[in-house]
Amino acid sequence: MSNKDKTYDLNYKPTKEEIKKFPDIQNGPKALILGASVGIQQVGTHNFRLPLNYKKRNGEILELETRITGTVSLDAYKKGINMSRIIRSFYDYKDDLIFEKLKDILLKYKNDLDSFDAKIGLNFSYPIMQPSLRSNNQGYQYYNVSLEGSLTNEGVFKKILHFDFVYSSACPCSYELAEYAKKERNKLTVSHSQRSVARVSIEFDHIMWIEDIHQICLNALQTETQVIVKREDEMAFAELNGAYLKFVEDSARLLYEKLIENKNIKDFRVICSHQESLHSHDAISVILAPNSNFSNDITHEIWSSLIHKS
């Protein structure tokens with residue numbers, strides 16, 4: 001049995017000189033690379049949480065819990081990175097407005113870690129107060145938002161915002177068939193609709209308010225899900241769905257029509273998922289801006305994320 005001291009020393013505070021002598025298997029002489037000696041495109045930390053400050057369109061400052069992913073590229077000759085430096089970079093800027101400091105944060109931990117490329121992903125739930133359709137009520141709608149930032153070795157900085165808009169999609173085919181059955185066969189019918197999600201991804205240079213993206217989605221699709229609903233609101237929602245029947249292809253094109261008009265948006269992609277009440281599968285559609293740099297691949301990660309977030 002070992003005779004080492006097993007008590008925890010509450011008073012031990014190593015000096016800087018002692019710390020220099022600590023083993024460092026990432027950067028020391030024993031830092032042997034396991035596996036292939038090749039570079040890694042992204043390595044870092046995922047899903048650490050921090051309250052960060054966001055500025056609303058009206059000037060109000062919101063502090064929101066944010067789930068952060070921070071990565072850098074890694075050279076083939078290096079074993080690993082000091083991951084705590086990525087987290088510390090965010091703590092250095094935690095009291096600033098995060099949208100305005102994104103490039104500074106990327107540059108800081110890119111330089112601290114002596115890396116070529118740096119990437120950031122910020123995921124948060126953004127509240128916007130929404131009025132009821134007809135009653136004198138209002139309530140907070142929460143929107144899943146992700147902000148991506150990247151900085152290459154050549155100094156190219158890119159910002160991408162992902163915004164999830166949840167809406168109702170009433171099927172035009174179901175509506176017409178239900179109306180036919182009522183008229184021709186005197187049958188009581190209910191046409192089907194479903195909760196649907198549009199993920200709007202935009203690349204932008206200058207400020208792009210989250211409220212502006214929400215307004216674009218609302219103007220295009222009209223039938224956003226509601227927060228506080230009384231009977232008059234439920235009737236209004238039924239009428240609204242009747243006025244804006246749409247297939248998943250319609251939703252993608254309606255959003256394209258509004259996004260292409262906005263000169264602050266450099267590039268965009270729209271992913272619509274109509275999570276069917278008729279079928280046991282979903283209807284999906286992807287549409288890109290002209291000459292877009294976004295991928296049009298429908299990946300498992302995209303769709304499982306949409307389903308989870310709705």
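Under the condition of being in a strand (DSSP E or B) and more than 29 Å from Thr223 (Cα to Cα), which residue from region 110-133 is nearest to the chain's Cα centre (by Cα)? So the residue we want is Gly121. Condition first: surrounded by fewer than 20 Cβ atoms within 10 Å (Cβ to Cβ) and closer than 29 Å to Leu288 by Cα. Can you find one or more residues in region 177-192 that meet it? Yes, the conditions are met somewhere in region 177-192. Residues that are farther than 15 Å from Asp250 by Cβ and at pLDDT 90 or above within region 264-278 comprise Asn264, Ile265, Lys266, Asp267, Phe268, Arg269, listed in sequence order. Scanning region 279-307 for residues that are under 16 Å from Phe163 (Cα atoms), among the β-branched types (Val, Ile, Thr) and either out of contact with any strand residue (DSSP E or B) (no Cβ under 9 Å at 6 or more places or on another chain) or at pLDDT 75 or above (or both) returns Val286, Ile287. Considering every residue within region 141-148, establish whether at least one is of a type in the set (D, E, K, R) and under 30 Å from His192 (Cβ atoms). No; the residues of region 141-148 include none that is of a type in the set (D, E, K, R) and under 30 Å from His192 (Cβ atoms). Of Asn111, Asn153, all but one fail to be closer than 30 Å to Ile68 by Cβ, surrounded by fewer than 17 Cβ atoms within 10 Å (Cβ to Cβ) and without any contact (Cβ under 8 Å) to a residue 24 or more places away in the chain; the exception is Asn111.
Rundown of residues vs (1) in contact with an Asp or Glu (Cβ under 8 Å, 6 or more places away or on another chain); (2) at pLDDT 85 or above; (3) surrounded by 10 or more Cβ atoms within 10 Å (Cβ to Cβ); (4) closer than 30 Å to Ile207 by Cα, yes/no style:
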| position | (1), (2), (3), (4) |
| --- | --- |
| Tyr8 | no, yes, no, no |
| Glu18 | no, yes, yes, no |
| Asn27 | no, no, yes, no |
| Ala36 | no, no, no, no |
| Leu64 | no, yes, yes, yes |
| Asp92 | no, yes, yes, yes |
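Consider region 213-236 and keep the residues that are surrounded by 17 or more Cβ atoms within 10 Å (Cβ to Cβ) and among the charged types (D, E, K, R). The one that is nearest to Asn262 (Cα to Cα) is Glu224.
Table: residues versus (1) over 23 Å from Leu255 (Cβ atoms); (2) not polar (S, T, N, Q).
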{"residue": "Ala118", "(1), (2)": "yes, yes"}
{"residue": "Asn123", "(1), (2)": "no, no"}
{"residue": "Leu133", "(1), (2)": "no, yes"}
{"residue": "Gln138", "(1), (2)": "yes, no"}
{"residue": "Tyr142", "(1), (2)": "no, yes"}
{"residue": "Ser150", "(1), (2)": "yes, no"}
{"residue": "Phe157", "(1), (2)": "yes, yes"}
{"residue": "Leu161", "(1), (2)": "no, yes"}
{"residue": "Leu177", "(1), (2)": "yes, yes"}
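Taken together, Asp205, Asp164 contain a single residue that is buried (at least 17 other Cβ atoms within 10 Å of the Cβ), of a type in the set (D, E, K, R) and either more than 30 Å from Ile128 (Cα to Cα) or touching a strand residue (DSSP E or B) at 6+ places or on another chain (Cβ under 8 Å) (or both), which is Asp164.
I need the full set of residues from region 66-87 which are at pLDDT below 85 and among the charged types (D, E, K, R), in order please. Those that are at pLDDT below 85 and among the charged types (D, E, K, R): Asp75, Lys78, Lys79, Arg85. Taking each residue of region 67-92 that is touching a residue at least 12 places away in the same chain (Cβ under 8 Å) and looking for partners that are aromatic (Phe, Trp, Tyr) and surrounded by fewer than 21 Cβ atoms within 10 Å (Cβ to Cβ) with beta-carbon atoms closer than 6 Å, six or more apart or interchain, yields Ile68/Phe48; Ser73/Phe116; Ile87/Phe48. Looking only at region 59-109, how many residues end up being outside any helix (DSSP H, G or I) and of a type outside the set (A, V, I, L, M, F, W, C)? Within region 59-109, residues that are outside any helix (DSSP H, G or I) and of a type outside the set (A, V, I, L, M, F, W, C) number 20.
Just one residue in the set Glu249, Glu276 is over 22 Å from Leu161 (Cα atoms) and in a helix (DSSP H, G or I); that residue is Glu249. Arg134 satisfies every condition listed in (1) surrounded by fewer than 18 Cβ atoms within 10 Å (Cβ to Cβ); (2) in contact with a strand residue (DSSP E or B) (Cβ under 8 Å, 6 or more places away or on another chain); (3) basic (Lys, Arg) except (2).
Look at region 115-127: where a residue is in contact (Cβ under 8 Å) with a residue 40 or more places away in the chain and a partner is outside any strand (DSSP E or B) and surrounded by fewer than 18 Cβ atoms within 10 Å (Cβ to Cβ), sitting 6+ places away or on another chain with Cβ atoms under 7 Å, you get Phe116/Asn153; Asp117/Thr152; Asp117/Asn153.
The values are calculated or read from the model by the stated rules, or taken from the named source; none is laboratory data. Remember, it's a predicted structure, so these values are computed and weren't measured experimentally. In this analysis, Cβ positions are derived from the backbone assuming ideal geometry, glycine residues included, and neighbour counts consider all displayed protein chains.
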